[in-house]
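A short write-up of the structure that comes next.
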Amino acid sequence: MNDITKKERRCIYLVELRNVSVSYDNGVEALTHFSFKINDGELCFVTGKSGSGKSTFSKLITGELKAAEGSVYVNGYDMGNLKSKALADARRSMGMVFQDFRLIPSMTIDENLEFAMRCINAPVSSIKPRIEEVLELVSMKGMGGRLPTELSGGEQQRAAIARAIVNKPSLIIADEPTGNLDPTLAIDIMRLFLRINEMGTTALIITHAKELVDMFPQRVITIKKGKLVDDSFGKYKGSMQMPPQAPQKKGRHR
């Protein structure tokens, strides 16, 4: 199967970093002997101060960086040993959400989502129904005809999340997804990620906003100076409106 061996396909974790080290040309040790595992269907917050190694962690998973030492497996792919076609296949199993949204400004939201689906050669007949489905999921029903500039910051991030899930990825990676939002909108976006995860999609949410993470009873890993220093469940400090625990999984959202 492309460049993927049967042995690699048997990796039991959706994401696994095995004793990974990454150094930059300026001598900075971004990650040092870093190991991490996440199961299919799990949600995990990744926290740490600026410069702790969070961005390096994210880029290793998406294949933007190669580890100097160790191995990185995502959805059974050995990310350090992929040729270009296999790397593209691996990335199609992921959905990315960014702090700055990265919607195409000249396209409507419908067109942004359609473009994402056409990039993977989705059947034409499936495009409109799938777009309507995900826009309803992110509470943007009827807003697909608007341009990104006609939306608020929170609406743009919801549209970006819709684009990330429109192709039914195994994994969502959200890199500082609430960095440009006020606290109330940030909570709404985090709750949306929990809802998507409850439908079966694995999620890695990378953020420095520890006070926000502490409002949700989820797994949290903390990175400090390139090392994983804590792996535990968050200190739930939510209000009565926040879910004290995630509902039972209903199977992957596909």
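If you wrap a convex hull around the alpha carbons of segment 171-225, what volume per residue comes out, as a whole number of Å³?
Details: hull volume 4.7 nm³, N = 55.
In segment 171-225, the Cα convex hull volume per residue is 86 Å³.
Please get the size of the charge dipole for the chain, origin at its Cα centre, with Cβ charges of +1 on Lys and Arg and -1 on Asp and Glu, quoted in debye to the nearest 20.
Numbers: 36 positive and 29 negative charges, 148 e Å.
It works out to roughly 700 debye.
Rounded to the nearest 500, the helix-only mean residue ellipticity at 222 nm of the chain stands at -9000 deg cm²/dmol, with each DSSP H run of n ≥ 4 adding -39,500 (n - 2.57). Our note on the geometry: Cα centres of segment 29-103 and segment 162-238, 15 Å apart. Would you mind checking the pairs Lys66/Lys210; Lys37/Lys128; Lys66/Lys168; Lys37/Lys85; Lys141/Lys224; Lys54/Lys168 and listing those with alpha carbons more than 32 angstrom apart? Going by Cα-Cα distance, Lys37/Lys128; Lys141/Lys224 fall outside the 32 Å limit. The amide H of Ser23, built 1.01 Å from its N in the peptide plane, has Ala30, Ala68 as neighbours under 5 Å, considering only residues 5 or more places off or on other chains.
List the aspartates and glutamates whose Cα lies under 20 Å from the Cα of Lys227, skipping any in the same chain that are fewer than 8 positions away. Cα-Cα hits under 20 Å: Glu16, Asp25, Glu29, Glu64, Glu69, Asp175, Glu176. Within segment 109-175, the trypsin sites (Lys or Arg not before Pro) that combine a DSSP coil assignment with at most 12 other C-beta atoms in a 10 angstrom radius are Lys141.
If segment 58-129 were replaced by its equivalent ellipsoid, with semi-axes equal to the square roots of 5 times the Cα gyration tensor eigenvalues, what would those be, largest first, whole Å?
Working from the Cα gyration tensor, I get semi-axes of 28, 16, 9 Å.
Averaged per residue, what accessible area in Å² does the chain show with a 1.4 Å probe, protein chains only? Write down the numbers at each step before the final one.
Values: 12700 Å² over 254 residues.
In whole numbers, the chain has 50 Å² accessible per residue.
Indicate the gyration tensor shape class of the chain (rounded, prolate or oblate), computed on the Cα atoms with a ≥ b ≥ c the square roots of the eigenvalues: a/c under 1.5 is rounded; otherwise a/b larger than b/c is prolate and the rest oblate. Display every interim value, and only then the final one.
On the way: a/c = 1.59, a/b = 1.19, b/c = 1.34.
Here the chain falls in the oblate category.
For the chain, the carbon plus sulfur part of the accessible surface works out to 50%, probe radius 1.4 Å. Among the trypsin sites (Lys or Arg not before Pro) in segment 195-237, those placed in a DSSP loop whose Cβ has at most 16 other Cβ atoms within 10 Å are Lys225, Lys235, Lys237. Surface calculation, 1.4 Å probe, protein heavy atoms: Asp78 sits at approximately 10 Å² accessible.
The values are calculated or read from the model by the stated rules, or taken from the named source; none is laboratory data. A quick note: this is a predicted structure, and the numbers were derived from the prediction, not measured. Cβ: placed from backbone, ideal geometry, glycine included. Neighbour counts: every protein chain shown. SASA here: full protein model, heavy atoms, side chains in, ligands and nucleic acids out. Shrake-Rupley method; radii C 1.70, N 1.55, O 1.52, S 1.80 Å.
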